[in-house]
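First up is the structure itself, then whatever we jot down about it.
The values are calculated or read from the model by the stated rules, or taken from the named source; none is laboratory data. No experiment lies behind these values; they were computed from the predicted model shown. Note: ideal-geometry Cβ built from the backbone for every residue, glycine included; neighbour counts use all protein chains shown. In case anyone asks, the SASA skips ligands and DNA or RNA and just uses the protein heavy atoms, side chains included. Shrake-Rupley method; radii C 1.70, N 1.55, O 1.52, S 1.80 Å.
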Amino acid sequence: MQHDVRHVWHPYTQHHQAPSPIPIARANGSWLFDTTGRPILDAISSWWVTTHGHCHPSIVSAIAAQAATLDQVIFAGFTHEPAAALAAALVERLPAGLSRIFYSDDGSTAVEVAIKLSLQSFANDGRPRRLIAALENAYHGDTFGAMAAGARGVFTHMYEPLLFDVARLPDPSEGDTLTALDALIASRGHELAAVIVEPLVLGASGMRVWDEAVLQGIRTRTAAAGVHLIADEVMTGFGRTGPMFACGRAGVSPDLLCMSKGLTGGVLPLGATAATETIFDAFRSDDRRKTFFHGHSYTANPIACAAALASLALFTDECDQARARITETHRQQLASLQGTAGVRAVRQIGTVAAVELDAPAGYLSDIGRELAAFSLQEGVLLRPLGNVAYCLPPYCTSNAELDRVYDVIARFLEGARAAPIGSGGPVDD
């Protein structure tokens, strides 16, 4: 802890105000354990990444075996079995038409790759288009291209002068996205390279769920206009909304699809961008200047790819049943909270559940800090998005464990709060 306080810079943390971080020593299943042995129920899958549970033995074994065989090799001019096998396994599970996999490091870089692939594919074909369209209230990551595609706000305002312009379409959960897209295509279709969306749920803006028919309408319009559809499935992929990918709920096949978070089961960092063969072919040329000049030192790291293969193998009938059980438990618990004092709205899609608290909105809303502090004191990890509390658990989470999460939320709504700092109760930032 002394080294941490002196030397570590934590993400999304105001170090002038935040209490000391909780030191975690180990994890298992749905549980984290601090250095005193105190258990903490991970109700948010450690930032939406842990799918099958912490330290799953199948994934751990795959990592150990791969680390003892091949740990790392440059992926330009070389290949290896884990990367090739993973690409084939992903293509089997992806929406039809996505046949090429480009590896990167995380969700934000997977989005960067998708945007660059779209723009350069048009340029390589001699018909440059430079406009990207994105949804209001979207979040796509913290690197510059991903920030530009995301909604402007507290995450981005310091960098606003450096972000490229993006055409904004209304948030489908509250506006007429399709009419706006029709107008954009009519006026600037010749400039428009791609529309990027978080399919069916806008995550960081408060788990805003939107209609499958709108996603279908976006796909119909972009396809007719020759515009790429980029599906950012970094959060929604790997079963979170029900099927393996959220696009599958709507029967939609995008031109580009971004993956990370649950790709390795949440054990190691790995990103991937899937593309159609048409986009891939736009880079085939005798002119070397049409190469996709993009890569990362750890592109397709063999150990991460081995973890991803082991994670994919765990998507069995048993996993489907576990996700269905969590989905139903969410439904029942949210129904009991609907209309409760202090609750403005409840939302759900698959294993993602959200409770919008009746308090000032916005990421910096104090109510979120208060609930995070109280839940942590009660042994449950929640990290509300402003005034929106959400539960997005690992698939191994039991009904009893989910009941504990909702009990904490219910008691908070009834007025329970964390003990003040200095009185023995830990407080999170």
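Data table
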quantity: Separation of the Val5 and Ala84 label points, Cα + 7 Å toward Cβ, nm; calculated: 5.3 nm
quantity: Loop-located trypsin sites (Lys or Arg not before Pro) in the range 96-140, at most 14 other Cβ atoms within 10 Å (DSSP); calculated: Arg130
quantity: Label-point gap, in nm, between Ala68 and Arg417 - each point 7 angstrom along Cα→Cβ; calculated: 5.5 nm
quantity: The chain - percent of accessible surface contributed by carbon and sulfur, probe 1.4 Å; calculated: 55 percent
quantity: Among (1) 66, 48, 43; (2) 69, 54, 46; (3) 61, 44, 37, the entry that matches Cα extents along the principal axes in Å as calculated here; calculated: (2)
quantity: FRET efficiency estimate (nearest 0.05) - Cβ-Cβ, Asp176 to Ile24, R0 51 angstrom; calculated: 0.70
quantity: Area of Leu309 that stays accessible when all protein chains are in place (1.4 Å probe, Å², to 10); calculated: 50 Å²
quantity: Loop sites in the range 1-86: chymotrypsin sites (Phe, Trp or Tyr not before Pro), DSSP, at most 12 other Cβ within 10 Å; calculated: Trp9, Tyr12, Phe78
quantity: Three-way shape call for the range 300-426 based on the alpha-carbon gyration tensor, with the a/c threshold at 1.5; calculated: prolate
quantity: Difference of contour (0.36 nm per residue) and Cα-Cα distance, His190 to Glu328; calculated: 45.2 nm
quantity: nm² value of the averaged projected area, convex hull over the Cα atoms of the range 1-160; calculated: 14.3 nm²
quantity: Nearest-ten-degree value, helix 302-313 long axis tilted from longest Cα axis of the chain; calculated: 70 degrees
quantity: GNM top mover of Asp171, Asp320, Asp125 - the chain, alpha-carbon springs below 10 Å; calculated: Asp125
quantity: The range 215-230 - phi-based ³J(HN,Hα) in whole Hz, Karplus 6.51/-1.76/1.60, Gly and Pro as x; calculated: 4, 4, x, 4, 5, 4, 6, 5, 4, 5, 8, x, 9, 6, 9, 9
quantity: Area of Asp317 that stays accessible when all protein chains are in place (1.4 Å probe, Å², to 10); calculated: 110 Å²
quantity: For the chain, calculated [θ]222 nm from helices alone, where every DSSP H run of n ≥ 4 adds -39500 (n - 2.57); calculated: -11000 deg cm²/dmol
quantity: Hz values of 3J(HN,Hα) by residue in the range 355-368 - Karplus curve (6.51, -1.76, 1.60), Gly and Pro given as x; calculated: 10, 8, 7, 7, 7, x, 7, x, 4, 8, 4, 5, 4, x
quantity: Leading residue at positive end of dipole, the chain (Cβ point charges), from Gly226, Pro128, Thr264; calculated: Pro128
quantity: Per residue, in Å², the accessible surface of the chain once ligands and nucleic acids are set aside, probe 1.4 Å; calculated: 44 Å²
quantity: Computed over the chain: relative contact order in percent, which uses C-alpha pairs under 8 Å that are six or more apart; calculated: 22 percent
quantity: For Ile185, net neighbour charge (Lys/Arg +1, Asp/Glu -1) across residues whose Cβ lies under 15 Å away; calculated: +2
quantity: Qualifying trypsin sites (Lys or Arg not before Pro) in the range 364-424, DSSP loop, other Cβ atoms within 10 Å at most 13; calculated: Arg417
